1. In the neighborhood of TYR6, defined by Cβ-to-Cβ distances under 13 Å, what is the net charge if each Lys or Arg adds +1 and each Asp or Glu adds -1?
2. Across the Cα atoms of the stretch 96-225, what radius of gyration and what greatest pairwise Cα-Cα distance (Dmax) are found, in Å?
3. Set the Förster radius R0 to 22 Å, insert the Cβ-Cβ distance between ASP171 and LYS322 as r into 1/(1 + (r/R0)^6), and round the FRET efficiency to 0.05.
4. Would you list SER212, SER22, SER302, SER346 from fewest to most Cβ contacts within 10 Å?
5. With an 8 Å cut-off on Cα pairs and a minimum separation of 6 or more residues, tell me the relative contact order of the chain in percent.
6. Quote the FRET efficiency, to the nearest 0.05, computed for HIS102 versus LYS9 with a Förster distance R0 of 35 Å and r equal to the Cβ-Cβ distance.
7. Which of rounded, prolate, oblate describes the stretch 197-343, given a ≥ b ≥ c as roots of the alpha-carbon gyration tensor eigenvalues and a/c under 1.5 marking rounded, otherwise prolate only if a/b is larger than b/c?
8. Once you've got the Cα coordinates, tell me which of LYS66/LYS95; LYS128/LYS342; LYS66/LYS344; LYS66/LYS342; LYS28/LYS128 are over 25 Å apart.
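Read-outs throughout are calculated quantities, based only on the coordinates presented, and are distinct from any laboratory measurement. On a predicted model such as this, the values are computed, not experimentally measured, just so you know. When we count neighbours, we look across all protein chains shown, and the Cβ atoms used for this are built from the backbone with ideal geometry, even at glycine.
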Amino acid sequence: MNAPRYRHKDLIDFATGLLLASGLNEDKAQTVADILVEGDLMGHNTHGLAQLPGYLAELESGSMCKDGDPEVIADFPAAITWHGRRLPGPWLVMKGMQEASHRARTHGTCTVVIRRSHHIACLAAYLKRATDQGLAMILLSSDANSASVAPFGGLDPVFTPNPIAMGFPTDKLPVLVDVSASITTNGMTNRLHHEGKLLPGEWVMDGHGNPSRDPGVLFQEPKGTILPLGGIDVGHKGYGLTLMVEALTGGLAGFGRADPRQGWGATVYLQMIDPRAFAGLEAFTRQTGAVADACHASRPRSPGEPVRTPGERGLLLAERQKVEGIALYESILPALAPWGQKLKVSQPTQI
């Protein structure tokens with residue numbers, strides 16, 4: 001991507017400055033900035049700093065809560081439920097990870113579910129923080145405030161893309177899975193629609209049930225929908241995964257699509273697993289490493305493009321961009337420029 005590059009630290013400082021000027025305390029502002037920039041660092045440029053203008057608008061309107069902590073709804077040794085009070089999602093997830101990691105070392109596993117969190121950004125940005133500790137992590141999210149994905153066989157939207165993420169260590173690079181139960185995301189379809197571009201494949205369906213590459217069908221009447229993973233032919237697979245996410249987020253949290261809409265946000269399922277409580281970390285990484293090695297050894301379908309494990313490209317890109325600078329998608333800083341002017345925070349300098 002021929003895009004302007006910026007120093008990793010400069011982008012974090014810029015985002016932190018905007019969030020501080022919007023009323024977050026230093027801990028919350030720094031945490032949100034770290035997670036957003038981590039998304040861009042790994043190449044997830046629809047869910048990194050591209051989300052920050054929306055966050056700033058939510059802080060300005062009061063729809064994102066600035067102060068305080070989550071309320072405890074239930075607290076068992078290995079299962080915690082929080083009311084997130086619409087606090088910043090990345091801060092809530094990081095706080096949940098810290099508590100779940102601590103308890104998993106005693107109980108083998110710990111799950112935190114959070115109702116009424118705000119948006120939690122790029123799920124992949126959290127995973128290496130767990131695998132670096134020798135832990136496996138599962139992270140799921142849904143948003144009962146909106147619907148853009150139809151159930152398989154239906155025309156009317158019921159779900160959000162419902163992302164599914166898991167990270168686990170191997171004896172080499174960790175495996176970092178970040179997918180959605182739909183073929184594509186709201187962030188991608190909104191961006192391409194705004195830019196007048198088509199999707200790479202027939203990933204959406206118009207309001208009459210015809211598959212399409214045009215994200216514009218999502219904004220026409222009757223409104224189209226994003227297709228579940230598997231598309232028109234085998235979308236029952238993504239549909240099943242979507243229902244699983246709904247049960248583990250809204251179901252366990254006791255808040256979701258059965259309740260009145262509360263605004264842009266998230267319901268979160270976060271689980272930490274400590275392999276040391278099972279067959280042991282060395283045994284775990286011996287097995288996961290062998291599987292990763294077998295994937296790498298598979299003959300590539302396209303010459304010169306060796307098989308990778310999930311997250312490998314993002315990890316290698318992150319290491320390179322820490323040195324060379326982060327190549328920001330061209331629309332991100334222009335969207336943040338008015339906020340910089342309003343909040344009197346200077347934009348970073350291109351390198």
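1. Numbers: positive: ARG5, ARG7, LYS9, LYS322; negative: ASP10, ASP13, ASP40, GLU324, GLU330.
Result for the local shell: -1.
2. According to the Cα coordinates of the stretch 96-225, Rg and Dmax are 17.8, 54 Å.
3. 0.40
4. Working: SER212 18, SER22 21, SER302 6, SER346 10.
Final ranking by Cβ density, sparse to dense: SER302, SER346, SER212, SER22.
5. Relative contact order here is 24 percent.
6. 0.75
7. In terms of gyration-tensor shape, rounded.
8. Exceeds cut-off: LYS128/LYS342.
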